[in-house]
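Every read-out reported here was derived from the displayed coordinates using simple, explicitly stated rules and does not represent laboratory data. Keep in mind it's a predicted model, so treat the numbers as computed, not measured. With ideal geometry, Cβ positions are generated from the backbone for all residues, glycine too; neighbour counts draw on all protein chains shown.
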Amino acid sequence: MIEVHAFATPNSVKVLIALEELRLPYELKPVNVRRGEQKAEAFLALNSNGKVPVLVDDGFVLTESAAILVHLAEKTGKLLPQHGVGRARVFEQLFFHASGLSPAFGNAGFFKRASPEPQPIAEARFTTEGDRLLGLLDRKLASQSFVTGEEFTIADIAHFGWMWRIAFPGLSLDGRPNLSRWFDTVAARPAVELAIARVEAIVPAA
């Protein structure tokens, strides 16, 4: 049985979406990052970096959401083209996400919401960059259904995680009609709805 150590975070929900899309059975192990449970000794034994999600697949422990998405896609032969340009395009978007979109969104949110002292230059830097990257995706989606073409892939799942939490960095899909259409299409997928419901259910009531 696959185990997923996760919380209601952009990176965590990606893994649950992939598992639901691929119809792989799994056990969800909540790690409440708001309470610092990702810094507990037992969790650090799984991921010394102290971050969710973590996948445990038949004793194989894997961290980093993009790596987990690739592992699950290759395990099943789905959501990732086997070869050629299509496969390269998926990895292109995964690297774009990991090196650009995710850091911009995460840092914008930190400086806007969690910085001990106001840092207007840093906040503006990452918010502006995040908005620029949204524009790139919107233009790409003007001529295709999904982020790598006409097929839904793990690249769409990767991007969706942060779009689902786009309010955290203070960004919006307003004025991005193609990106908004894509978001609504992905959000309406039954597997995505189920994954979101499962991950939100592990958040303790305030």
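Numbers below:
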quantity: Cβ-placed point charges (K, R +1; D, E -1), dipole of the chain about Cα centre in debye, nearest 20; calculated: 280 debye
quantity: Phi-based couplings in Hz for the stretch 59-68 (Karplus 6.51, -1.76, 1.60; Gly and Pro marked x); calculated: x, 8, 9, 9, 10, 6, 4, 5, 5, 5
quantity: Amide H partners (placed H, <5 Å) of K29, local residues excluded; calculated: V4, H5, A6
quantity: For the stretch 89-95, Karplus couplings with θ = phi - 60° (6.51, -1.76, 1.60), whole Hz, Gly/Pro x; calculated: 5, 5, 5, 4, 6, 5, 6
quantity: For the stretch 10-87 versus the stretch 160-206, the gap between their alpha-carbon centres in whole angstrom; calculated: 18 Å
quantity: Given [x] 0.96; [y] 1.05; [z] 0.93, the label whose value is Rg/Rh (Cα atoms, Kirkwood Rh) derived from this model; calculated: [x]
quantity: Cβ-placed point charges (K, R +1; D, E -1), dipole of the stretch 113-167 about Cα centre in debye, nearest 20; calculated: 100 debye
quantity: Derived scalar couplings ³J(HN,Hα) [the stretch 4-20; Karplus, 6.51 cos²θ - 1.76 cosθ + 1.60; whole Hz; x for Gly, Pro]; calculated: 10, 9, 7, 9, 7, 10, x, 6, 5, 5, 4, 5, 5, 4, 4, 4, 5
quantity: Selection from L134, T9, T63 lying farthest towards where the dipole of the chain points positive, charges on Cβ; calculated: L134
